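Visitor: One structure, pasted below without further comment.
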């Protein structure tokens, strides 16, 4: 291997791996998906890993959305350290609502950049391109020691920006449609080829939750997805890598009996209580890919106008059915380890089968072809944490998904 000493990242020590250390983030992988697929005999490799390796459940960070959790896995720390607390935010500097996918929002180095600085070969493959810049921050691609590309933009990768020329041609797979299971399959196939031919020291594979938003664990389409994943996992495991399988968040049904989305439109309520557009509700689930969730999730934050009675607004929101938590900024910082300058005046979390919206007219739900399934709250915080080797996870009171590389590198150092 190319590194001999341990690597310090954000106050944590990662040992030099003797074989490749891989973390796989299965986007939206509610643990029940694995249970159902294994029960049907569709995931023999993962079943064996559970039985002969290490099998636990872990907690994701809150909000249980893609960007905060992927960057927590990448940095080994919660959002109050790395700064990414949603897919979308109200930027207090520009006073605009923007995507939180620019490197300027990242406040801590990734473990990928630190391993790269230590001489390691690092590979990152993500399904959607929205994560690529953040995950690849600090990497340089001119020494054949770093790859970072997305399946979504695999036709247009190049050596100088991604470490690889036209990834789709290299892999022999067409660039997938973004709303498809093929996007995740491209990630798995690329991981197998990279491990076999390029032999990285550290590799991160992160997928899309297109399937999980559309299909429940008992649905054939979901089971087929995990059967496909297990075949690629079999190949990665056979090459001797130390592998941690986890997720960024779970997924729960959030619809009424007639199949329509279950939503509390909080902007409409605040407009009624405070005057139109006096408050501003931000939905951090918002990203460029809202077709499968309509920007509806179980976590929201709100900025209140100067002079508003925060206590009165909080009490009114707490009296609404299925809004389970309404916290002040200070309470949210403490409970959810969030950066206080990026979360507004209050934070709201809804229950297992409810989402939070802005104003009803602002959500285009026409593209939802199936009853809404979504995430963002505490009910989607529990995720799998499975290692293909027996390791001691210690006596911590709570295992976190962002411990993935902390233990993957330890397993790879054995």
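Visitor: Take residue 342 and tell me if it is at pLDDT 95 or above and more than 30 Å from residue 202 (Cα to Cα).
Guide: Here the answer is no, as residue 342 does not meet what is asked.
Visitor: Please work out if residue 356 is at pLDDT 95 or above, surrounded by 21 or more Cβ atoms within 10 Å (Cβ to Cβ) and within 21 Å of residue 65 (Cα to Cα).
Guide: When the stated conditions are applied, residue 356 passes them.
Visitor: So if I check each of 302, 295, 308, which one is in contact with a helix residue (DSSP H, G or I) (Cβ under 8 Å, 6 or more places away or on another chain) and under 15 Å from residue 265 (Cα atoms)?
Guide: The conditions single out 302.
Visitor: Considering each of 159, 178, 202 in turn, give the residue that is assigned by TED's automatic domain parsing to the domain that holds residue 115 and modelled with pLDDT under 95.
Guide: Step by step, each of 159, 178, 202 is checked, and only 178 is assigned by TED's automatic domain parsing to the domain that holds residue 115 and modelled with pLDDT under 95.
Visitor: Just to check your reading of the model, which residue among 204, 210 is buried (at least 24 other Cβ atoms within 10 Å of the Cβ) and out of contact with any strand residue (DSSP E or B) (no Cβ under 9 Å at 6 or more places or on another chain)?
Guide: 210
Visitor: In segment 381-395, what residues are touching a helix residue (DSSP H, G or I) at 6+ places or on another chain (Cβ under 8 Å) and either over 21 Å from residue 47 (Cβ atoms) or modelled with pLDDT under 95 (or both)?
Guide: 391, 393
Visitor: Report, by residue number, each residue of segment 3-24 that is surrounded by 23 or more Cβ atoms within 10 Å (Cβ to Cβ) and part of a loop (DSSP other than H, G, I, E, B).
Guide: 17, 20
Visitor: Looking at segment 157-186, which of its residues are surrounded by 15 or more Cβ atoms within 10 Å (Cβ to Cβ) and not in a helix (DSSP H, G or I)?
Guide: 157, 163, 164, 166, 173, 175, 176, 178, 179, 180, 181
Visitor: Right, another one. If we scan segment 231-239, do we find a residue that is surrounded by fewer than 19 Cβ atoms within 10 Å (Cβ to Cβ) and not in a helix (DSSP H, G or I)?
Guide: The answer is yes, given that some residue of segment 231-239 is surrounded by fewer than 19 Cβ atoms within 10 Å (Cβ to Cβ) and not in a helix (DSSP H, G or I).
Visitor: Moving on. Could you give me the residue pairs with C-beta distances under 6 Å whose first residue belongs to segment 154-165 and is without any contact (Cβ under 8 Å) to a residue 12 or more places away in the chain, whose second residue is loosely packed, with under 13 Cβ neighbours inside 10 Å wherever it lies, and which are 6+ apart or on separate chains?
Guide: From segment 154-165, the pairs are 158/165.
Visitor: If we only count strands (runs of 3 or more DSSP E) wholly inside segment 298-414, which ones have 1 or more residues that are more than 30 Å from residue 53 (Cα to Cα) and over 19 Å from the mean Cα position of the chain (by Cα)?
Guide: Qualifying strands (runs of 3 or more DSSP E): 299-303, 323-328, 346-350, 355-357.
Visitor: In addition: Considering each of 139, 183, 106 in turn, give the residue that is without any contact (Cβ under 8 Å) to a residue 40 or more places away in the chain and over 27 Å from residue 4 (Cα atoms).
Guide: On inspection, the qualifying residue turns out to be 106.
Visitor: Taking segment 71-85 on its own, how many of its residues are surrounded by fewer than 24 Cβ atoms within 10 Å (Cβ to Cβ) and within 19 Å of residue 286 (Cβ to Cβ)?
Guide: Here the count works out to 1.
Visitor: Still on this model: Checking residue 205 against (1) part of a helix (DSSP H, G or I); (2) under 26 Å from residue 390 (Cβ atoms), which test does it fail?
Guide: (1)
The values are calculated or read from the model by the stated rules, or taken from the named source; none is laboratory data. What you see is a predicted model; the values in this text were computed from it and never measured. FYI the Cβ positions are ideal-geometry reconstructions off the backbone, even for glycines, and counts take in every protein chain you see.
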